[in-house]
Every structure is written in structure tokens, then in C-alpha cells.
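Engineer: Here it is, the structure in full.
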Amino acid sequence: MEKVESRAEVPVTLTINGETRTALAESRTLLAYFIRENLELTGTHVGCDTTSCGACTVLVDGVPVKSCTMLAVQADGHVVETVEGLDKDGVLHPLQQAFWDNHGLQCGFCTPGMLMTSLALLRKNPNVTEDVVRHAISGNLCRCTGYVNIVKSVIEAGQKMALEEV
Amino acid sequence: MALEATEKSPLGKAIKRKEDPRLIRGQGRYLDDIVLPRMLYMALVRSPYAHARIKSIRLDEARRVPGVKAIITGEDLAAANLAWMPTLAGDKQMVLAAGKVLFQYQEVAAVVAETRAAAEDGAQCVEVDYEPLQVVVDPFFALSSEAPVLREDREQKDNHIWHWAVGDQGAADEALAKSPVRVKEKIRMPRVHPAPIEPCGCVADYQKSTGKLTWYVTSQAPHAHRTVLSLVSGLPEHLIHVISPDVGGGFGNKVPVYPGYVCAVVLSLQLGRPVKWVESRSENIATTNFARDYHMTAEIGATEEGIVTALKVSTVADHGAFDAAADPTRFPAGLFSIVTGSYRFPQAFAEVDGVYTNKAPGGVAYRCSFRVTEASFLIERTMQSLALKLGLDPVELRRRNFIRPEEFPYNSPLGWTYDSGQYEKTLQKAMSLIDYDGLRAEQAQRRERGELVGIGVSTFTEIVGAGPSNTFDILGIKMFDSCEIRIHPTGKAIARLGTRHQGQGHETTFAQLIAHELGLSAADILVEEGDTDTAPYGLGTYASRSTPTAGGAAALAARRIRQKAQKIAAHLLEISPDDTEWDGIHFHAKGLESRQVSMVDVALAAYTNLPEGMEPGLEATFYYDPPNLTFPNGAYIAVVSIDRGTGQVKVERFVAVDDCGTVINPMVVEGQVHGGLTEGFGIAFMQEIAFDEDGNCLAPNFMEYLVPTAVETPNWETGRTETPSPHHPIGAKGVGESPNVGSPAAFVNAVVDALSPHGVTNVEIPMFPWKIWEILSQHHLAR
Ligand code: FES
Ligand code: FES
């Protein structure tokens, strides 16, 4: 049985939080680890090995992606957004502010993924109902909060974003 | 005595959390975020069999994998006398399999390499030859004479670990025999796993030149871990520095010491380089300590009027391959003896037998004080059965049997002294929040329309805050906790505690508590936990013990500071200390409030302008040994409907009224309740670690081990009553776990209530739709 495969490193170039970065990665490297270890952006977390928890969620070309389930090489040439890109010049994004205001996090391990999934949702339509939010974040597990305050936070952030758009 | 929050005091205020600004920016520093120079990565080789002898282990191919640095097996550890480690329950556990494996996915070898991937590659190339042995999955079979003896290392040649009993068996039997009404129920709490979203891991960093080991670890109890590691490894304790960084949830999962931790330490000692080990989710669920797995039988006796006379409980506790419970030493079944709950049982008897099987070891206190969820589930379920038998409303039955407010302190027949509670008032509040009478009327109407609607009640009592040192220790170490406060010259302060939060918000709530005691602003107090070189010794955060123990220490350390501060204040006011008074914010001359100094003034003087002969500085450390445990309680009401087509249960409403004594931060308390209810909901409806007959774990990941998502989780409604603990320095009782302890019975009672008109009296958890659908079919209710 062929057990050990080639570990050839290839350059991966992507735009992350507005910055173009290149790093070498084994072709088998998952995007989550590429972001965490090669690009040293540790806000993106890994919480499972079955694409179930969503702690690793980032946006690739604006679409939420579980970065543990995509290879780094597949993101070559694409635009990636992570939690580190949310606040602008120290000013919190409405989603971050709402999570803080509404106690939408406890241990904080699921939070970056929750924020990124919610961001994609609210960009499409900031006027969301409880039901819409609950379904949108159903791929993101939280073991601490019981979701009530997360849902509240997302709805409130949406209202603020809607006002900002006007 | 409970202290009233003064207007300026932050106590009782919904202050936003101090930990959030870093966490919402992705700037938390969790274990896997730690990277050290020359760091190596470790992966474990695990057994595919649940019970097998190891015939041989071949390492040549693994050694040839590029990047692999070293591999250790059980034999290597045995040579270093490290093959076994003590568990917190006083049993011992194999670090790496010694001769045979006793559960599926047990640790067999550790491979360390230059990268995470190379370590995994190496682990895959280790070849192990196994000779499968007969597997024991069923704990009752484990107790039979036909079962093979699993633990050959023990002198005792069977699978029985211990027998524990409490109460007067003869008196309980007699009272039962005399009782005109009796109900008996078999109640199982299946094996579950806490599964915090961050798995466990560590980075062991041993420096040969200094002999110092810095050990970063996902730990709820860093000091206890330091002591255990020192005992296991022989490293002097002052040369072990444990750092528990931001912890991504714990719920009991991060209390024990795991084999992977010990292997990483051994490899770092051997190689003189940092070694990181982070388990995968599958490793987390399949191998780190489970919870529950209690197989209980309960019998209640009562009068015709529904006054309870006796309770008798017998339980088989499946501990898996090693008794790795994290219970206090003298309590092999934890605080299970809280099983008489909120009711005035004149007689009670409970016994538990611990048993070994070929499953992963445990069990931990999963979001509950030790074995309290099991106890609470049992009594609240059996009270439901009694209500059914008597034809009484479950609320009425509870009212007839509640311990009354004037009966506190109440001595339970199983040996506890309950501190305080107003059970009737708490229940009443839940009933009015949900409109209980209206609900019952509505239920009757909906039943007429053929709907399956149920209302479930649970009025539980918890027991937390272990604990008083005359009774509670872990491996001999008394279960006190501690706090050190230092006030700097500018009136800003740092406080360090022996606990370690994992999302509970201690950085905020303990700052509020200390600020309240010292008349400072919570914003000016930095709370630090998790570093054994800086924090005073404490037993850690689990079993809702932080506020009852370390919270008490914080209040008393602050009061110790206030004593000194009073002398300094008197000096500043040029009066005698006896003429100086503290009003919660200022010191002032008695009867002359205009002459006052603040704690900030005092702080500066403590370093610049002291009374003659006084030692400079303004700090204090307090080790708090609580005089008693605390007894949080609550009244929960669930409303469910059942889909006859699918067996799906919908939780239509859920009201939780908790009484956790004095509340430090209502927002944080509510968050804890939301989280605990969700885990209780998961336990009632979907979480179970099951095994097939060969001992294969059937739910080793989040695909099979289902935890609640936002879609099915109900929208929780909460309320509270506040009955302060009479002995806690601020009257607080602890809350993190009440909702997980109290809620499972409310869900099951609601489902049983929906089905009881059709003859159903018991439903096993988890209440998967298919299971409910089977019951519906049996009773010709399925559509
Ligand atoms: S780590 Fe990607 S879904 Fe869990
Ligand atoms: S806040 Fe801990 S998992 Fe969500």
C-alpha cells in the first residue's frame, strides 16, 4: 500500500482581508491551516474533522466556506475574508458590536465562524427574521450560548447595517 | 450575609464583558494558537479494537517518514516507569497501551515530527498486530461471572470497581413496605460527551538548561494539573509552569489529565524541544472522558395524599476501562446523594456500583456538579411517575412535598445541609411566567382535537461549590479556592484566582465582585486566571464551584484589604481607625460624611504616606475554605407537541426560573442559563455515545454525535428569584450548571405528559424521533 505521498510544496497566492499574500504550502494543506499557520491569522478556528462545526468559516469571494474542507491550493487567486478583517481602523463592525452588546459569545471559540457566516447573510439582506438567522447559522455549532443571544445580535447588526446603507 | 448593592456598586449590573473585545476580533489566544521556536508536533496511534492483546508493534516504516523525530510506545514508557498514570478518582490509567488495549481508539504509540502532517503520516505507518479478545460492552454483563476480567493489573479478579451506599437501608425498606402507594422506575442516563467546540491539547516546552517545563494546556484546573504532572513525571513542582490560555469551552471535558498530555511532556523532556499535541474532534469525543452512563432504579413510597415517605435508589455506573471520574476522593459517585431533591423524604437510601467495561474511561461532571444531573433526573422523573399514579397534577404533588422556607437549614436524610431556598415561590414564578393554568386548559382543548401536547415540570435542587475541606479533596488536596488582589499606587488593581474560566466571564464578574467590595470601578480591575506561576493555588473551574469558592475568596481578600485600608484612611483623615467608617465607596469620619477618602486615595497613601510603622503596599491573598456547599435551585416548565407522522417533538415553550442566590451580573447569569438549557436539550433529544457489541464507538464525531444547532434549539424564556446563600460572603450560589441539571427531566416529563393518556409512563433519552415514533406506533397513535 502506498502510504506516504508526495509533499511537494507549491506557492499559493490569495487576497486576504484586502492584502495579497503568497506562501508555500503542501498541496494537501487545508485552507484553514494555511490561514492559521502560514498566514498566521489564528482567529479562524478548527473545531472538528467532519465539516460539522463551522468554527473555521471564512468568506471566499464573498461566500461562506468551511475552510477545513477546502484545500489552500483551491483558494489560489481568490479573495478571502476572515474575522481579522472585520473591524476597520479599530472601529468594530456592527456584527462585532452587536455580539458584544448582546452577550452573543461566551468562550468565543465559535464566534469568528458565527461572525463570518452572519456577515455573508446580512450583506445579501440585512433585514432578517429570527427564523432566517437560525437557518443561516445552522452549520455553525455553539456549545456555550444556546444561540438566543447570537440570533439577537445578528438581527440587531442587520438593522444597523440597513440604516448605514440608507 | 448578603450585601446590598449600593447605587454606585457594579454588583448586580449587566456590565458588558471585558473578555469580548479580543474574542470578537479573533485575538483570543487559544491553545492551538501557540507556536514556539523549534516546536514539534505529536500524533497518536490508536487501537481499532475495543479489547485486544498487542502482539507486536513495528516502527521501521514510520521512522522512515520524512520529518519523523521520535516514536514512543507503552514499552518505552514502562522503562521510564510512566506506563500508567493516576486518575483523579484514585484509579490508574494506561498512558500508552501496556500489553493490551481496553477500549476502541485507546492510545498505543505517540509519533513526533517536524510538522503536523508528518506526525500524522508517521502515525499511519506504525503497524500494530492485535489479537482480539472478548469485548464487554454491557455493564450488567460485566458484573456476571461469565464476563472476562478486563483489568488484569488489579488484584481483584472481577469487573466491579467499588460499592458506595448512603442512608439507612433498613428504615427505607420498612417505610416503603408500609407505604400505601409505591412507584418504581428504571431510568437510564446514557453516555454523553461534553464536546466543547475547542478540543483538548497541549504544548510541552522543556528547557534542558533550566530544567523548567512550561506546559500550555487546555485546562479547567491548572494547579491540580501541575501537581498531578509533578507526581507522574517526578519533575519538581516549582519547575513546572502551567499556563491555561483562553479555553474554548470545557464543561468538565478539560478537568482530567489525558494520555496525550503525558506523551507530549515525555517527548519534550526527551528531545529538549517544544512538543504540541492537539486532538481531533473524533479523538476528543471517542477517547476523552465521557459523562453519565448511569443505569438507575428508583422506588418512591407515598401516602394516598401524595406525601412522600421513602426513596430507594440502586445504580450501576459504567466507568469504561478506567475509573477516570473527576470526583472528590471520598465521593466515588460524586454528590449523587442529592437525589432526594427538593422534597422532604423522611427516609432514603441510595447505592451505586462502579463497573469496568471496554469503553473509553470517565466519567466527568459534564456541566454539572458531580453526578448531580443523574440524581436530579432520577428524582424529577420518578416524581412524575408518582403524580401519574396518584392522578395528581405534578405541580400539586411537588407543592405537597417541598422543603419549606422556614425549614432551612434543612438536613437531608442522605447527609446534606441545604442552605436556603424558596421552592414554592420559585415554582409560582415559573407558573405565572408561562401561565400554567391557561396552558392546562389549552392542552385539554388541543387534546380533544387529537393533538399530542404535554407540559413537563422539573423543580430541582443542585449542590455545588465543592467544597468544605473536612469532606472534599481531590487526591488529598483540599478543595478550597483562592484569590490574590494587589492594588497599585494609582488605585488600579490586579486580581488572580485559582480558578480558570472557559467562557463564564470571570474577567468581568470577579472584577464586579471585587469592585463592589473595594469601592472601585470594575473597569479598573484586571482579573487573571490560568497561570500557576502567578495565581495562588486553587482547584479550578468546574461543578459550578468558581463563584461559591473563588468568589468567596475574592470577597474576603478584598475585605482583608479594606481592614488595612481603614487604618490608612484614618491616618489620612487624622482620626482613629475606630472613628472611621466604610460606606461602600468611601471611608469617612463617623457621623461626618463630608470628611472622606476613597480607596484610590488610600491606594496612593499605601505607597507614599503610611501611618508610622505600617508595612507598605495594599494587597491581600485569601484561601477560602467554604463552611458548606451551596444549593442553587430552579423551577422549569416545558411545553411540547409531538408530530404523529414523524415522532418529532417540538418544544413550543420553555420557562426556566433559577434561584442562584445573589446575582453578580444578570446578563452573564442569563447566558449561562441559555447555554445550560441547550445542553440539557441536547441530552434529552439527541446526544448519545452508543457502542455496538464489538465495542465500536458509534458516535465518534459531530456527524453521529448530534449536538443542538440553532434551528432546533428553543427560544428560552428565563426568570429568577433571589434567595441568598446565608454562608457565602456575598450570598451567591453558582449557576453554570443548574440549567443542564434541571432541564432534561422537564423535557421528558413533558413528552410523558403528552403520551400518558395513552398509557405511556416512561420514555428513554435521548428522545430521537424514531424512538418516539416507535412508541406512537405501539400505541396506535402514529399517523
Ligand atoms: S473545523 Fe471546519 S467545520 Fe469544523
Ligand atoms: S461561545 Fe463557546 S462555542 Fe460558542
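Engineer: Figure the gain on full extension for A:A120 and A:R28 (residue separation times 0.36 nm, minus the Cα-Cα span) and round it to one decimal in nm.
Structural biologist: Contour length minus the Cα-Cα distance gives 30.4 nm.
Engineer: Moving on. Which of the DSSP-defined H helices in chain A satisfy a minimum axial length of 15 Å, computed from C-alpha atoms, and a minimum mean Kyte-Doolittle hydropathy of 0.5?
Structural biologist: Once both thresholds are applied, what remains is A:111-124.
Engineer: Work out the mean other chain Cβ neighbour count within 10 Å for the residues of B:671-680 and drop it here as an integer.
Structural biologist: 5
Engineer: For the ranges B:505-518, B:578-591, what's the packing order if you count other beta-carbon atoms within 10 Å of each residue, average per peptide, and put the highest first?
Structural biologist: B:505-518, B:578-591
Engineer: Read phi for every residue in region B:259-265 and hand back ³J(HN,Hα) as whole Hz from Karplus 6.51 cos²θ - 1.76 cosθ + 1.60, θ = phi - 60°, with x for Gly and Pro.
Structural biologist: With the stated coefficients, region B:259-265 comes to x, x, 4, 5, 4, 5, 5 Hz.
Engineer: Next question, about the same structure. Separation between the B:Q270 and B:R330 pseudo-spin-labels, each 7 Å from Cα along Cα→Cβ, expressed in nm?
Structural biologist: 4.2
Engineer: Choose one of A:V79, A:V148, A:V128: the residue whose Cα lies farthest towards the positive end of the charge dipole of chain A (beta-carbon charges +1 Lys, Arg; -1 Asp, Glu; about the Cα centre).
Structural biologist: With unit charges placed on the Cβ atoms, the residue in question is A:V148.
Engineer: I need the fraction of alpha carbon pairs in region B:117-176 separated by more than 13 Å, rounded to a whole percent.
Structural biologist: Distances greater than 13 Å cover 76 percent of the Cα pairs.
Engineer: Per 5 Å bin, what is the whole-percent P(r) computed from every C-alpha pair distance within region A:14-166?
Structural biologist: Bin by bin from 0 Å, the calculated values are 2, 10, 20, 23, 20, 13, 8, 3, 1, 0.
Engineer: For Cα pairs less than 8 Å apart in space and 6+ apart in sequence, what is the mean separation divided by the residue count of chain B, i.e. the relative contact order in percent?
Structural biologist: Result for chain B is 16 percent.
Engineer: Follow-up. Could you compute the net charge surrounding A:A136? Neighbours are other residues with a C-beta less than 13 Å from the C-beta of A:A136; K and R count +1, D and E count -1.
Structural biologist: +1
Engineer: On average, how much accessible surface per residue is there in chain B, in Å², for a 1.4 Å probe, leaving out ligands, DNA and RNA?
Structural biologist: With all protein chains present, chain B gives 33 Å² per residue.
Engineer: Rounded to the nearest 20 Debye, what is the dipole magnitude of the protein assembly as shown about its Cα centre when Lys and Arg each give +1 and Asp and Glu each give -1 at the C-beta?
Structural biologist: Using only the charged Cβ atoms, the result is roughly 80 debye.
Engineer: Still on this structure, please answer the following. What residues does region A:67-109 have that are buried by at least 30 Å² of accessible area in the full protein assembly compared to the chain on its own, 1.4 angstrom probe?
Structural biologist: A:L92, A:Q96, A:W100, A:D101, A:H103, A:L105, A:Q106, A:C107, A:F109
Engineer: From other protein chains only, count the Cβ atoms within 10 Å of every residue's Cβ in B:26-32, then give the mean.
Structural biologist: 6
Engineer: While we're on this one: So for chain B, taking the charge dipole from beta-carbon charges (+1 Lys/Arg, -1 Asp/Glu), which of B:G498, B:F702, B:Y294 sits furthest toward the positive end?
Structural biologist: B:F702
Engineer: For region B:646-753, count all C-alpha to C-alpha pairs, find those more than 24 Å apart, and express that count as a whole percent of the total.
Structural biologist: In whole percent, the share of Cα-Cα pairs in region B:646-753 beyond 24 Å is 37.
Engineer: So what are chain B's ellipsoid semi-axes, whole angstrom, largest first, if each one is the square root of 5 times an eigenvalue of the alpha-carbon gyration tensor?
Structural biologist: Values for chain B, descending: 41, 39, 22 Å.
Engineer: Next question, about the same structure. Where in region B:425-459 does the amide nitrogen come within less than 16 Å of the point 7 Å from the Cα of B:E406, taken along Cα to Cβ?
Structural biologist: From region B:425-459, the list is B:425.
Engineer: Could you please state how large a percent of the accessible area of region A:94-165 is carbon and sulfur, counting protein chains only and using a 1.4 Å probe?
Structural biologist: Of the solvent-accessible surface of region A:94-165, carbon and sulfur hold 53 percent.
Engineer: Also, I was wondering about something else. Is there a simple number for the mean count of other chain Cβ atoms within 10 Å of the Cβ of residues in A:46-58, and what is it?
Structural biologist: 5
Engineer: For the pair A:T13 and B:L698, what calculated FRET efficiency results from E = 1/(1 + (r/R0)^6), where r is the Cβ-Cβ distance and R0 = 56 Å, to the nearest 0.05?
Structural biologist: 0.80
Engineer: Write out the trypsin sites (Lys or Arg not before Pro) in region B:296-383 meeting two conditions: DSSP loop, and at most 15 other Cβ atoms within 10 Å of their Cβ.
Structural biologist: B:R330
Engineer: What's the buried accessible area, both sides, between A and B using a 1.4 Å probe, rounded to 100 Å²?
Structural biologist: Summing both sides, the interface buries roughly 4600 Å².
Engineer: Order these peptides, B:710-722, B:211-223, by their mean beta-carbon neighbour count within 10 angstrom, highest first.
Structural biologist: Descending packing order for the listed peptides: B:211-223, B:710-722.
Engineer: Rounded to whole Hz and in sequence order, give me ³J(HN,Hα) for region A:65-75 from the Karplus expression 6.51 cos²θ - 1.76 cosθ + 1.60, θ = phi - 60°, writing x for Gly and Pro.
Structural biologist: With coefficients 6.51, -1.76 and 1.60, one gets 9, 7, 6, 7, 10, 9, 7, 4, 5, 6, 8 Hz.
Engineer: Report, in whole Å, the centroid distance computed from the Cα atoms of region B:263-331 and region B:102-120.
Structural biologist: 24
Engineer: Right, next: Evaluate E = 1/(1 + (r/R0)^6) for B:E351 and A:N127, where r is the Cβ-Cβ distance and R0 equals 45 Å; express this FRET efficiency to the nearest 0.05.
Structural biologist: Result of the calculation: an efficiency of 0.15.
Engineer: Report, in deg cm²/dmol and to the nearest 500, the calculated mean residue ellipticity at 222 nm for the protein assembly as shown, where each DSSP H run with n ≥ 4 adds -39500 (n - 2.57) and the sum is divided by the residue count.
Structural biologist: Taken over the protein assembly as shown, the calculation gives -8500 deg cm²/dmol.
Engineer: Hey, how many Å between the Cα centroid of region B:121-176 and the Cα centroid of region B:444-520?
Structural biologist: Rounded to whole Å, the Cα centres lie 34 Å apart.
Engineer: By average Cβ neighbour count within 10 Å, what is the ranking of B:51-60, B:65-74 from highest down?
Structural biologist: B:65-74, B:51-60
Engineer: Of B:A83, B:V339, B:Q124, whose Cα points farthest to the positive end of the dipole of chain B (charges on the beta-carbon: +1 Lys, Arg; -1 Asp, Glu; origin at the Cα centre)?
Structural biologist: Of the candidates, B:Q124 comes out farthest on the positive side.
Engineer: When the dipole is taken about the Cα centre of region A:9-85, and only Lys, Arg (+1) and Asp, Glu (-1) are charged at their Cβ, what size is it in debye, to the nearest 20?
Structural biologist: 160
Engineer: Would you please calculate the Kirkwood hydrodynamic radius of the protein assembly as shown over all C-alpha pairs and express it in Å, rounded to one decimal?
Structural biologist: 29.0
Engineer: Which pairs, out of B:K55/B:K100; B:K389/B:K650; B:K208/B:K276; B:K13/B:K733; A:K152/B:K8; B:K157/B:K312, put more than 19 Å between their alpha-carbon atoms?
Structural biologist: Among B:K55/B:K100; B:K389/B:K650; B:K208/B:K276; B:K13/B:K733; A:K152/B:K8; B:K157/B:K312, the Cα-Cα distance tops 19 Å for B:K389/B:K650; A:K152/B:K8; B:K157/B:K312.
The values are calculated or read from the model by the stated rules, or taken from the named source; none is laboratory data. This one's a predicted model, so the numbers in the text were calculated from it and none came from an experiment. We place every Cβ from the backbone using ideal geometry, glycine too, and count neighbours over all the protein chains shown. For the accessible areas, the whole protein counts, side chains as well, though only heavy atoms, and no ligand, DNA or RNA atoms are used. Shrake-Rupley method; radii C 1.70, N 1.55, O 1.52, S 1.80 Å.
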